[in-house]
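Notes for the one structure printed next.
The values are calculated or read from the model by the stated rules, or taken from the named source; none is laboratory data. The shown structure was predicted, so the numbers you read here are calculated from the model rather than taken from an experiment. Neighbour counts run over all protein chains shown; Cβ positions are idealised from the backbone, glycine included. For accessibility, only protein heavy atoms count, side chains too; no ligands or nucleic acids. Shrake-Rupley method; radii C 1.70, N 1.55, O 1.52, S 1.80 Å.
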Amino acid sequence: PIDAKTQRLLKLAIAVGAGREGAVRSHARRGFKAGVSREELEHTALLGITTVGWPTAFAARCWIEQALDQFEAKR
């Protein structure tokens, strides 16, 4: 019953929480391709600050930014 956009954000959040760089990058690209905005993807990473800590959440935000920049450069 969870809509597709929320599913994309949840998968990204799980990857952020697990600290899995490759999964964060992959889910960010997949979400972006599916129409999730850059701001929504980055916000998902920043929501992790209180749970996984600033360093992990900020690293994930950087991975998302890099993945989307690379994706957009290839288009």
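Results, tabulated for the structure shown:
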| quantity | calculated |
| --- | --- |
| Karplus 3J(HN,Hα) series, Hz, for the range 61-74 with 6.51 cos²θ - 1.76 cosθ + 1.60 (x for Gly, Pro) | 4, 5, 4, 5, 4, 5, 4, 6, 4, 5, 4, 5, 5, 7 |
| For the chain: rounded, prolate or oblate by the Cα gyration tensor [a/c cutoff 1.5] | oblate |
| In Å², nearest 10: area of Ile2 left accessible to a 1.4 Å probe | 90 |
| Loop-located GluC sites (Glu not before Pro) in the range 30-67 whose Cβ has at most 15 other Cβ within 10 Å (DSSP) | none |
| Inter-label distance, nm, simple model (7 Å from Cα along the C-beta direction), Cys62/Leu10 | 3.0 |
| Dipole magnitude of the chain about its Cα centre (Cβ charges: Lys, Arg +1; Asp, Glu -1), debye to nearest 20 | 320 |
| Among Ala45, Ala28, Ala18: highest mean-square fluctuation, GNM of the chain, C-alpha pairs under 10 Å | Ala18 |
| Under the Karplus curve 6.51 cos²θ - 1.76 cosθ + 1.60, θ = phi - 60°, whole-Hz ³J(HN,Hα) for the range 42-50, x wherever Gly or Pro sits | 5, 4, 4, 5, 5, 5, x, 3, 6 |
| Rounded to whole Hz, the Karplus (6.51, -1.76, 1.60) HN-Hα couplings of the range 24-32, x for glycine and proline | 4, 4, 5, 5, 5, 4, 4, x, 4 |
| Accessible area (Å², per residue) of the range 10-70, counting only protein heavy atoms and a probe of 1.4 Å | 54 |
